Protein chains: 2
Amino acid sequence: MAEEIAKNAHKASTILKTLTDKQRSDALYKIRDGLLLSKDKILLANKIDMENAISNNLSNSLIKRLDLSINNKFDSMCNGIIDVAKLDDPINNCTLATELDDNLNLYRLTCPVGVLLIIFESRPEVIANITALAIKSGNAAILKGGKESLNTFKEMSLIINEILINKTDIPINSIQLINTRDEVSNLLNQDKFIDLVIPRGSNELVKNIKNNTKIPVLGHADGICSIYLDKDLDINKAIKIIIDSKTNYPAGCNAVETLLIDSNLSKENETKILKSLLNSKINLHIDSNLLNKIDKSLIDNYSNQIILANDEDFNKEFLSLDIAIKNVNNVQDAILHINEHSSKHTESIITENEETANIFLKGIDSSGVYWNCSTRFADGFRYGFGTEVGISTNKIHSRGPVGLEGLVCYYYQLRGNGQVVGDYLGGGGTRVFKHKQLDPSKIHL
Amino acid sequence: MAEEIAKNAHKASTILKTLTDKQRSDALYKIRDGLLLSKDKILLANKIDMENAISNNLSNSLIKRLDLSINNKFDSMCNGIIDVAKLDDPINNCTLATELDDNLNLYRLTCPVGVLLIIFESRPEVIANITALAIKSGNAAILKGGKESLNTFKEMSLIINEILINKTDIPINSIQLINTRDEVSNLLNQDKFIDLVIPRGSNELVKNIKNNTKIPVLGHADGICSIYLDKDLDINKAIKIIIDSKTNYPAGCNAVETLLIDSNLSKENETKILKSLLNSKINLHIDSNLLNKIDKSLIDNYSNQIILANDEDFNKEFLSLDIAIKNVNNVQDAILHINEHSSKHTESIITENEETANIFLKGIDSSGVYWNCSTRFADGFRYGFGTEVGISTNKIHSRGPVGLEGLVCYYYQLRGNGQVVGDYLGGGGTRVFKHKQLDPSKIHL
């Protein structure tokens, strides 16, 4: 069954990628129209999911994520589909063109990755979002939602598939929405047909998937972000940035979890910073060296919020109003600590010293390295990508917030007129390659 | 031990990537000079490997690959290092620049992948080649050679490491050369520190590595390349291209293994093609449908070379003067067959019909799709990349012949002046992002 699903997706993908941008984008307008027409039906199904969630005592934040009827979420979801339709075509773009010889031209063209397996938890609007991204980029997608949003998911998938089949040029099986639980582990074995797995949900979900598939996984399990406070910092910027990085959305993967303080920072500034964190209701997990040195009045006045840190606290994503704090000797030590402990998500240095900033910006090994700004900027919308598939902490293919570009790769077209390698130097012959670079922006194939 | 090696490589990589292009390229000149100075010593060690290979009855082709003293191989190897040094710096290039807001600029910069684990079999010149590519691209590398080239490997690694430590700015452990066998499986577990595995050797080696690591593997296990002969072909081009694709180097991964013949091709042309293959000493594995239809005189005159194909022959990399042949109804059927059976390496269509060619060029799912030329062109040197790390059949990151670009990824720098997300729309505030695109080619950080 899983093999059948994957095989069908692969077949669909090879037709889908040959459609024009107009055919793919038109389908998105049709989906938007269809969803708007069925708004009442979908919200009714969503209400059942909400009621089940309440009677199952699910957390308030989860219930809020489930609810499609609040905050204009349904209409935003529909508008988001059109935003994707309007983006530039990410495929069939020529990125390299070389005249190898007379009438023998090499072109590198962007193309879809192929088949995506997207596994997500509660947010039902992800269905519309991912469907739009997949079709726009010419990828077939297999979507697996969480059991919390089962009814919404079923209703939306029926509508989307009916539109795709009856009103668009998109081949059947381009978007398959599955909802049985045991299917997932079998799908994760279909590395012959599935090219990329994108999990959207808890760390647990992502870790579990990464450990159980040979298919490349795009995403991140942990977001252990750090801020380094250099001795040459501006105290007002520092306080503003740390507080925002920690409190703006503590459950976000781009929230700061570790604070490294230059041991040469003035005692006065150190105390000001710690005090402002404490006043923002943040619990400080301070390592013993630093704890012995901090202003004693802090310990007296905020004893509930000051905790002796253990080693594990510096490898931890708290996802709460907690932060691990320690001293480092200088920017080099900060880099060493971060490259060893961080999850390669996003790190920031606070300093007015450009030279120190540059050492940090070049030395850190993460997908986002910031100077004098909040780690919370790590986000596809804030980066100006319009939309986001997720945030990748991988070291290859895509890093950081991933837009449509993360769903495409490239292939080489070679257009000849009967040429064979045996005629060329290195292949047995004497002809020499021209290797003349052409302007790829002028190539339209 | 493996963890120590990987950890040290990771540490070295974070320093190596901060060096300038001049520092990295200068080191390559020093390595070249050092190898040339020690030419006699290295060739002596190589002679011992050769003698061992002969007394162990290794194949002639393997012994030829081992031999550094023939065909000007040693000097070519040294020149190759300088060719790499002269290439444009692949890192620190800005590929995207966006003004998010006043004094808040986002830059996407190319950077090394990090730590490479390169596992190769007999060719000892790979050591120099890969060392040059790794240092030029700012990656640390762990090299593991085959036992056949052990003595050459030991001698060269001693010399290279002595030069790196004493005469260059390259940090210690940037290039680690290991030669114990049991280390490999442990290294393949170091996914925390190793970012990319590059195997260079037999299909067996690559398959084995792919099945035993969570680290991304760049390369290909199989090269099952196909040629589709359309009814509208030019017979002279067709014969020339198939013969070259099969016989120019049958053991190459870009040699053709499957021939799909349009069932509407004229009987006369079909017979001409099959006859020319038979006259080139190629064994034809023909499927039963086609076998029943071909010119009987072929069967009479070449009975030794005509074999009834089984299903497996169409999933096989023969690596010899054998080819699997069958009929398909049209270009669409050819695409379906190839997308199901090929290894996504390189496929070619022979036709004078541009419309048919375009269907093929767009519909095939492989890293190289060719029109009227030999599959043997799939090669980094022929593509004009100067050098090649390998040929990738992956669907993400790098595809086809991979040059220096396959060893780099990117990261985002965000340079601010105290900005926090809480001030912006979507983060709790009212400020709106500018998202003004800047010309990345003008950015030098």
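The values are calculated or read from the model by the stated rules, or taken from the named source; none is laboratory data. All of these numbers come straight from a predicted model, not from anything done at the bench. In this analysis, Cβ positions are derived from the backbone assuming ideal geometry, glycine residues included, and neighbour counts consider all displayed protein chains. Calculation scope for accessible area: heavy atoms of the full protein, side chains included, ligands and nucleic acids excluded. Shrake-Rupley method; radii C 1.70, N 1.55, O 1.52, S 1.80 Å.
May I ask for the distance between the Cα centers of region A:312-355 and region A:154-201, given as a whole number of Å?
After rounding, the separation between the Cα centres reads 39 Å.
Could you check what % of the DSSP bridge pairs in chain B are antiparallel, to the nearest 5?
Percent antiparallel among DSSP bridges in chain B is about 35.
Tell me the Kirkwood hydrodynamic radius of the protein assembly as shown in angstroms, computed as one over the mean inverse distance between distinct C-alpha pairs. Could you put the intermediate results ahead of the total?
Details: mean 1/r = 0.0339 Å⁻¹.
Hydrodynamic radius (Kirkwood, Cα only) of the protein assembly as shown equals 29.5 Å.
Between copies, how close do the residue A:355 label points come, placed 7 Å along Cα→Cβ, listed in nm from shortest?
Residue A:355 label point versus its equivalents elsewhere: 7.0 nm.
Label residue A:69 and residue A:289 with points 7 Å out from Cα along Cα→Cβ: what is the distance between them in nm?
That separation, rounded to one decimal, is 5.6 nm.
For A:185, B:366, give me the order by solvent-accessible area with a 1.4 Å probe, most accessible first, ignoring ligands, DNA and RNA. Intermediate values should be presented prior to the final figure.
On the way: A:185 70, B:366 0 Å².
These residues rank, largest area first, as A:185, B:366.
Under a point-charge model restricted to the Cβ atoms of Lys and Arg (+1) and Asp and Glu (-1), what is the dipole moment magnitude of region B:354-445 relative to its Cα centre, in debye to the nearest 20? Walk me through the numbers before you get to the answer.
Values: 10 positive and 8 negative charges, 81 e Å.
Roughly 380 debye for region B:354-445.
Quick check on chain B: helices-only [θ] at 222 nm, where DSSP H runs of length 4 and up contribute -39,500 (n - 2.57) each and the sum goes over total residues. Nearest 500, please.
Working: 16 runs with 174 residues, N = 445.
Estimated from H runs of four or more residues: -12000 deg cm²/dmol.
Once the label point is set 7 Å along the Cα-to-beta-carbon vector, what list of distances in nm do you get between residue A:440 and its counterparts in the other copies?
Nearest first, the other copies' label points are 1.0 nm away.
For residue B:320 and residue B:57, what is the calculated FRET efficiency with R₀ set at 25 Å and r taken between the beta-carbons, to the nearest 0.05? Don't skip to the end; give the middle numbers.
Numbers: r = 21 Å, r/R0 = 0.84.
Result of the calculation: an efficiency of 0.75.
Defining the label point at 7 Å along Cα→Cβ, can you sort the distances from residue B:64 to the same site in each other copy, shortest first, in nm?
Reported distances to equivalent positions: 7.1 nm.
Output wanted: per-residue J couplings in Hz (rounded whole) for region B:416-427, from phi through Karplus 6.51 cos²θ - 1.76 cosθ + 1.60, θ = phi - 60°, x for Gly and Pro.
So the Karplus estimates, Gly and Pro as x, are x, 9, x, 5, 10, 5, x, 7, 9, 4, x, x Hz.
For region B:388-445, state which trypsin sites (Lys or Arg not before Pro) are in a DSSP loop and have at most 14 other beta carbons lying within 10 Å of their beta carbon.
Details: sites: B:395, B:399, B:415, B:431, B:434, B:436, B:442; in loops: B:395, B:399, B:434.
Listed in order of number, the matching sites are B:434.
For the rotation bringing A onto B, which A residue has its Cβ nearest the axis, and at how many Å?
For chain A, the closest residue to the axis carrying it onto B is A:397, 2.
If you average 1/r over all unlike Cα pairs in chain A and invert the result, what Kirkwood radius do you get in angstrom? Let's see the in-between values first.
Details: mean 1/r = 0.0408 Å⁻¹.
Answer for chain A: a Kirkwood hydrodynamic radius of 24.5 Å.
Among DSSP bridges having both ends in the protein assembly as shown, what percentage is antiparallel? Round to the nearest 5. Display every interim value, and only then the final one.
Values: 40 of 132 bridges.
Given both bridge residues lie in the protein assembly as shown, the antiparallel proportion sits at roughly 30 percent.
Checking the table A:326/B:17; A:434/B:281; A:22/B:395; B:136/B:434 against a 31 Å threshold on Cα-Cα, which pairs fail? Write out the running numbers ahead of the final one.
On the way: A:326/B:17 26 Å; A:434/B:281 33 Å; A:22/B:395 25 Å; B:136/B:434 37 Å.
Table pairs above 31 Å Cα-Cα are A:434/B:281; B:136/B:434.
Compute the distribution of all C-alpha to C-alpha distances in region A:356-402, in bins of 10 Å from 0, and list the percent of pairs in each, rounded to whole numbers.
Pairs per bin, as whole percents: 25, 51, 23, 1.
What translational D, rounded to a whole number of µm²/s, comes out for region A:225-379 from Stokes-Einstein when the hydrodynamic radius is the Kirkwood one over Cα pairs, at 10 °C and 1.306 mPa s?
Numbers: Rh = 15.0 Å.
The calculation lands on 106 µm²/s.
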